[in-house]
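Heads up, the thing below is written out as C-alpha cells.
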Amino acid sequence: MAIRGVLFDKDGTLIDVNGTWVPVYRHILMQLFGVDEAGAEALMEKVGYDPETGRFVAGSILAAGTTAQLVEVWWPKATPVERRHFTRVLDHDFTPLVKDALKPLLPLVPVFEALKAQGLRLGIATNDSRLSARHHMDQLGVLSFFDEIVAADTVAVPKPSGDMIRAFARITGLDPAEIAMVGDNGHDMEEARNGGAGLAVAVLSGNAGPEHISHLADYTLASVAELPALLAALPDLS
C-alpha cells in the first residue's frame, strides 16, 4: 500500500530538543521551585537530563514523555487538582518563554513543501499538549502545512500506544498502513508498530543514536531533510 500521509514527532524531529528545552526547563524550574541553576539541573536529572553532555537521555521522560509524567516526578505529593494546575502551568503559562527559545532543527518549509508536492497529508504526533504544539508550529511558520496535530491530551493513551496513528487515520480518512511515522525516539517507532502504520522512519536529529532506534525502524535518516527523497523513491504498491 502506498504512503499517503506522514505523521511527525515534534521535539528532536522538527525542533532542536536540547537547544530549546534545556534552557527553558532550567528557567522554569528556577522560578517554580526557587532554586539556583544547579538545583534546577538536579530536578531535570530526575527526568532524564545528563549534565555531562548537556542533553536529554534517549527514551527518558524529558526526551519522550508527557507533561503529566513530569508533574508526577517534580510534584510527587500533589493532589489530582494540583497536578492539573501544574500541568497547565508547564503547558501554557511559559508560552512566551518557549516562543523566544524555540529552535527548529533545519529549515522546515522546504521539507514540507516538497512533501505536499507529493500529495501527502501531514500531521504531528507529540506527547506534548495540543495547544503547546500548535503554538510551536505557528511560531515556526509551518502550522498551515498540517492536517492535524495529535497530542497527548487528544487521545486516550499517548505514545507508544498506537492511538495517535489511529486518530490521524480517522481524521484524514487514510488507512493506518498508508501513514509513515517519523521520529527520533523508540517511542515513535513503537507508536508506528502499535498503530499499524505502513512505515516507521527514524531520524538521528534528537538524542537517540543508531544503537537506540535503527533496529526498530524501516529506515533511518540523518534528519527529515532526507524524507522527501526517501518517500519519492518508494515503490507504489497500491
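A few remarks follow.
- Note on the range 9-155: with neighbouring protein chains present and a 1.4 Å probe, carbon and sulfur make up 51 percent of its accessible heavy-atom surface.
- Phi angles of the range 213-228 translate, via the Karplus equation with coefficients 6.51, -1.76, 1.60 and θ = phi - 60°, into HN-Hα couplings of 9, 4, 6, 8, 10, 7, 9, 10, 10, 5, 7, 5, 4, 8, 5, x Hz per residue; Gly and Pro are given as x.
- Scaling against 2.2 N^0.38 Å puts the C-alpha radius of gyration of the range 29-136 at 1.26.
- Largest to smallest principal axis extent of the C-alpha atoms in the chain, angstrom: 57, 35, 32
- Highest-fluctuation residue, Lys99, Lys46, Lys77 considered, GNM on the chain with Cα pairs under 10 Å: Lys77
- Cross-link reach list, lysines versus Lys159, counting only Cα pairs under 21 Å and skipping chain neighbours closer than eight places: Lys10, Lys46
- Per residue, the average separation of C-alpha pairs within less than 8 Å and at least 6 apart gives the range 194-238 a relative contact order of 36 percent.
- Computed over the chain: relative contact order in percent, which uses C-alpha pairs under 8 Å that are six or more apart: 26 percent
- For the range 91-164, the solvent-accessible area of protein heavy atoms averages 43 Å² per residue (probe radius 1.4 Å; ligands and nucleic acids excluded).
- Inter-part distance where the range 170-218 and the range 14-83 are each reduced to a Cα centre, Å: 25 Å
The values are calculated or read from the model by the stated rules, or taken from the named source; none is laboratory data. On a predicted model such as this, the values are computed, not experimentally measured, just so you know. To get the accessible areas, we keep the full protein, side chains included, count just its heavy atoms, and leave off ligands, DNA and RNA. Shrake-Rupley method; radii C 1.70, N 1.55, O 1.52, S 1.80 Å.
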